[in-house]
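Single-structure report; data block below.
Each value in this text was obtained by applying a stated rule to the coordinates, not by laboratory testing. Note that the coordinates shown come from a computational prediction; the quantities given were computed from them, not determined experimentally. Counting neighbours? That spans all protein chains shown, and the Cβs are built from the backbone with ideal geometry, glycine included.
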């Protein structure tokens, strides 16, 4: 890594700064065959407090490292008022790390850590961009393949460079790749049906899209509430997610489990937008929108991702609840094959979630990528 001249850290304030922040990772990743340029329009909205409800409960700062006026690194820091403490200590977060070299990265982290301390944080954790419910983790294994939708890609040197800043592993997030033609053993499927005989599993009703997404998120907030690092999704975030998903989410890619008409479990599978957008270079104009929608709606994509699955806590400890993930995952088998999906990424799974990991591994999956959450006492 070369260091040519002093590094200047500037807070992102102008339109030019924001564009540099958005486009820097792609410029640094030039020549990496696994890199997929994010859609610039989507990234602008993501970083705009008028469009991203996370800003309603988070204080966010974005910084660029410049050398000779040219952007050579970026980093965010955020204080999320909804985030729980870590062993009684207030947690601050960093996100979206990228840099050309160690010197730029070091200067960015020094700036972010100083700001987090001034905001009262005692622990720095990340990367999260900008929340645990959005893009999470730094890629530490599985650099050869492109990332799936709403997952990230990093250069192999970046993880060790973060560790040199005094950060240690807090958790690993795992991404498994599954062949949708794979099925659970018949005995497992029969046992799940018997145990949950009073639970019906159905597809999402598109006529009630917003209400259905709200029900799914309500289960998510309950099911994940005891998980490490959990931050609940707010009403505004739910509404924003429903608006974003509606154009791209086939109703049969969602399964809702109900007992007596009340949602007790769910699973969501997303078409892999990264596959559809891989050759657009982040641009939707003049014809990118048409190409993207054609590939998602008509010609189809060959990969998908399951980012969300959950079972209410009141059910999860029962025999029916423990086996319900088998029925939910199995329910995606037909819709995936019907739409031409040939590979599904199940991500991310906390490394300690051994129950679901065993189920996914029973389908003959392979561990494709590992993302790491780092932590440091300030």
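Couple of notes before you dig in:
- Looking at the chain, the DSSP beta bridges with both ends there are about 90 percent antiparallel.
- Rounded D (µm²/s) - the range 53-150, Kirkwood Rh over Cα pairs, Stokes-Einstein at 37 °C, 0.692 mPa s: 229
- Our summary gives the chain a relative contact order of 23 percent, counting only alpha carbon pairs under 8 angstrom and 6 or more residues apart.
- Separation of alpha-carbon centers, the range 309-367 and the range 233-253, rounded to whole Å: 20
- From the C-alpha gyration tensor of the range 1-59, square roots of 5λ in Å: 25, 18, 10
- Percent of Cα pairs exceeding the 26 Å cut-off, where the set is the chain: 53
- The slack in the chain from residue 81 to residue 354, taken as 0.36 nm per residue of separation less the alpha-carbon distance, amounts to 95.3 nm.
- Segment residue 283..residue 164, full-extension length gain: 39.3 nm, with 0.36 nm per residue of separation and the alpha-carbon distance subtracted.
- Normalising the average separation of contacting C-alpha pairs (under 8 angstrom, six or more residues apart) by the number of residues puts the relative contact order of the range 180-341 at 35 percent.
- Ordered by the count of other Cβ atoms within 10 Å of each Cβ, fewest first, 241, 269, 96 give 241, 96, 269.
- Label-zone membership for the range 230-244, site residue 45, 7 angstrom Cα→C-beta point, backbone N under 11 Å: 240-244
- Estimated FRET transfer efficiency when R0 is 51 angstrom, pair residue 90-residue 179 (beta carbons, to 0.05): 0.70
- Over the range 8-174, relative contact order from alpha-carbon pairs under 8 Å, at least 6 apart, %: 20
- Residue 70-residue 361 FRET efficiency (beta carbon distance; Förster radius 45 Å; 0.05 resolution): 0.45
- Chain lengthening between residue 226 and residue 193 when straightened (0.36 nm per residue, less Cα-Cα): 9.2 nm
- The value obtained for the range 8-174, namely the Cα convex hull volume divided by the number of residues, is 116 Å³ per residue.
- The range 131-196 and the range 32-109: distance between their alpha carbon centers, rounded to Å: 21
- Most mobile of 159, 321, 281 in a GNM of the chain (Cα contacts under 10 Å): 281
- In whole percents, the pair-distance distribution calculated for the range 180-341 from its alpha-carbon pairs, binned every 5 Å from zero, is 1, 9, 16, 19, 19, 16, 11, 6, 3, 1, 0.
- When each of 303, 14, 347 is scored by the number of other beta-carbon atoms lying within 10 Å, the sequence from fewest to most is 14, 303, 347.
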